[in-house]
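Reviewing the structure listed below.
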Amino acid sequence: MQPRGATKAKKFHESKAFRGLMLTMLAMALVVAQALSAFAKPESLAPLAEQISPSVVNITTSTVVEGRTGPRGIVPEGSPFEDFFREFQDRNNDGDGPQPRRSSALGSGFVISEDGFVVTNNHVIEGADEITIEFFSGQELKAKVIGTDPNTDIALLKVEASEPLPFVKFGDSNAARVGDWVVAMGNPLGQGFSVSAGIVSARNRALSGTYDDYIQTDAAINRGNSGGPLFNMDGQVIGVNTAILSPNGGSIGIGFSMASNVVTRVVDQLKEFGETRRGWLGVRIQDVTQDVADAMELENAKGALITDVPDGPAKDAGLETGDVIVSFDGVEVEDTRGLVRQVGNSPVGATVRVTVLREGKSQTIKVTLGRREEADREATPATEDTPEEDDTPKTTSLLGLTLTPLTPEIREELGAEEGMTGLAVTAVDEASEAYEKGLRTGDIITEAGQQKITGIEDLDKQVAAAKDAGRKSLLLLVRRAGDPRFVALTLGE
């Protein structure tokens, strides 16, 4: 028989263990419930649709186009009846010639402020003479263009209303995760206000633009949805529906929305200046591939390799061809796309620190950024120092390439800049690595081993120096139609 105290102690420990077990089971149940809640599809999107619909608009544009001069659309060209119908049309035109006609187009947009600023795609309103905004209530207002940005396909419009307008706010597109629910709204195929739902299928997609940052979604997007908003479940705009990938012109579940974090910067500049003002570094760059990294003896295949430094901020600051940009304004550079976007998002006139690898050593250089738009308008090709001409050029074969020094005649034939030095590629062995990596007849090699070359002797020296240093490949700077890129070719034994 156990003492009374021992029995009480045993019961106490048993009850404590039971309570612990129950608490553990309750915690597990809560975790499972939260997980199921996170993955559960909302019962209805109606409350969200009712909340955001008043801020989404249909956009109708009208453009006057020139009248046709012949009976196109009535009979095929070359038909024996063509002259008859042309005579018939001329009589109906009363001798005044072809009459201009008005063409209409449809799109979508959304209001971002109570005083009437509206965001849409640039391609929706481009070239329009008249823009009409139709609200969910049926009200129609004329809009004027505040500014456009073809690079991101964004346009900012303004309407004047007698009372404050319902509007939506931008959300943080960087917070959107693959798998999050999203809602697209707009005017698909001119059918009027429509809602579709799906998920974020992918992020950081690039299509063709320099500043592309698209959210991919399977929410149905069709023609007419262009310029409409992509909402998260909080009713915030995280993208502007811009494009679809489709073999038949209709939605197959691959749509693209320009990320809101790109759009907000563009809209702010259009609102303030009526145009964009992007930072400009003033370099041509390419990604650092593994073979380029090996040729340059870099530890990692990342960063942005400078292929050319025309007149501009970078040249003024001392950046050079062959430098590898590894950090811009304190942010590590992974590739060229990331650097271009970061530079473009930087203020014009800002002084930033650019860290580069030059001949294996790290250097930090301060650069005062210019303005991209001005550079694009005033761009002029860079020139190089003019060396003495080689009156007796010779030809050699090396690394699968047949090469000859540039002469005035060859420069003119290839459309090269006056004074450019280097070796012209006159033939490429199709079985060689050079051909595989894209070198072709007509290319011009201006550097080897990050040193300028003026003749075949210079190239031979760089090949020998690379072999003596134990390097397995040689880095060449190749120019085609003025565009430079680095190519690493494997050295033979």
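Annotations for the structure displayed:
- One residue from R265, R278 being surrounded by 19 or more Cβ atoms within 10 Å (Cβ to Cβ), closer than 30 Å to Q236 by Cα and basic (K, R): R278
- Complete set of residues in the range 279-307 that are charged (D, E, K, R) and either assigned by TED's automatic domain parsing to the domain that holds A464 or over 22 Å from A350 (Cα atoms) (or both): D287, D291, D294, E297, E299, K302
- Filter result (among the β-branched types (V, I, T) and in a loop (DSSP other than H, G, I, E, B)) within the range 205-219: T210
- Residue list for the range 148-204, restricted to those being among the charged types (D, E, K, R), farther than 24 Å from S104 by Cα, part of a loop (DSSP other than H, G, I, E, B) and in contact with a helix residue (DSSP H, G or I) (Cβ under 9 Å, 6 or more places away or on another chain): D172
- S194 falls short on exactly one of the conditions (1) in contact (Cβ under 8 Å) with a residue 40 or more places away in the chain; (2) more than 20 Å from S260 (Cα to Cα); (3) not assigned by TED's automatic domain parsing to the domain that holds L106, and that condition is (1).
- Scanning the range 414-433 for residues that are at pLDDT below 85 and under 21 Å from G492 (Cα atoms) yields nothing.
- Looking only at residues in the range 205-247 that are charged (D, E, K, R) and over 26 Å from S104 (Cβ atoms), the one that is surrounded by the fewest Cβ atoms within 10 Å (Cβ to Cβ) is D234.
- Some residue of the range 283-294 being out of contact with any Leu (no Cβ under 9 Å at 6 or more places or on another chain) and closer than 17 Å to V354 by Cα: yes
- Residues that are over 27 Å from V262 (Cα atoms) and either in contact with a Ser or Thr (Cβ under 8 Å, 6 or more places away or on another chain) or modelled with pLDDT of 95 or more (or both), drawn from the range 278-300: D291, D294, A295
- Consider the range 477-493 and keep the residues that are surrounded by 18 or more Cβ atoms within 10 Å (Cβ to Cβ) and in contact with a helix residue (DSSP H, G or I) (Cβ under 8 Å, 6 or more places away or on another chain). The one that is nearest to D294 (Cα to Cα) is A488.
- Residue list for the range 364-400, filter: aliphatic (A, V, I, L, M), modelled with pLDDT under 90 and assigned to a strand (DSSP E or B): L398
- Selected residue (only one of A243, A219, A206, A155 is assigned by TED's automatic domain parsing to the domain that holds A105 and hydrophobic (A, V, I, L, M, F, W, C)): A155
- Test result for A448, buried (at least 21 other Cβ atoms within 10 Å of the Cβ) and at pLDDT below 90: yes
- Residue count for the range 177-192, restricted to those that are touching a Lys or Arg at 6+ places or on another chain (Cβ under 7 Å) and at positive phi: 1.
- Scanning the range 217-252 for residues that are under 20 Å from N122 (Cα atoms) and among the hydroxyl-bearing types (S, T, Y) turns up S226, T242.
- N222 meets the stated requirement of being without any contact (Cβ under 8 Å) to a residue 60 or more places away in the chain and in contact with a helix residue (DSSP H, G or I) (Cβ under 9 Å, 6 or more places away or on another chain).
- Look at (1) closer than 25 Å to Q286 by Cα; (2) in contact with a helix residue (DSSP H, G or I) (Cβ under 8 Å, 6 or more places away or on another chain); (3) modelled with pLDDT under 85 and you find that L474 fails only one, number (3).
- Scope the range 403-426; condition assigned to a loop (DSSP other than H, G, I, E, B) and out of contact with any Pro (no Cβ under 7 Å at 6 or more places or on another chain); matching residues: L406, G415, A416, E418, G419, M420, G422
- Filtering the range 254-284 to residues that are more than 11 Å from V240 (Cα to Cα) and β-branched (V, I, T) leaves I254, V266, V267, T276, V283.
- Residue check for K169: loosely packed, with under 15 Cβ neighbours inside 10 Å and either over 14 Å from V56 (Cα atoms) or over 26 Å from the mean Cα position of the chain (by Cα) (or both): no
- Selection over the range 270-320 of residues that are in a helix (DSSP H, G or I), more than 18 Å from A375 (Cα to Cα) and touching a residue at least 60 places away in the same chain (Cβ under 8 Å) gives a count of 6.
- Residue satisfying all of: in the range 338-363; exposed (fewer than 12 other Cβ atoms within 10 Å of the Cβ) and at pLDDT below 90; nearest to V283 (Cα to Cα) among these: E359
- Candidate set from the range 451-471 (those that are in contact (Cβ under 8 Å) with a residue 24 or more places away in the chain and in contact with a helix residue (DSSP H, G or I) (Cβ under 9 Å, 6 or more places away or on another chain)); member that is farthest from P408 (Cα to Cα): R471
- Inside the range 39-74, residues that are modelled with pLDDT of 85 or more, in a loop (DSSP other than H, G, I, E, B) and either assigned by TED's automatic domain parsing to the domain that holds N187 or under 33 Å from the mean Cα position of the chain (by Cα) (or both) make up a count of 1.
The values are calculated or read from the model by the stated rules, or taken from the named source; none is laboratory data. Keep in mind it's a predicted model, so treat the numbers as computed, not measured. Cβ coordinates were reconstructed from backbone atoms using ideal geometry, including for glycine residues, and neighbour counts include every protein chain displayed.
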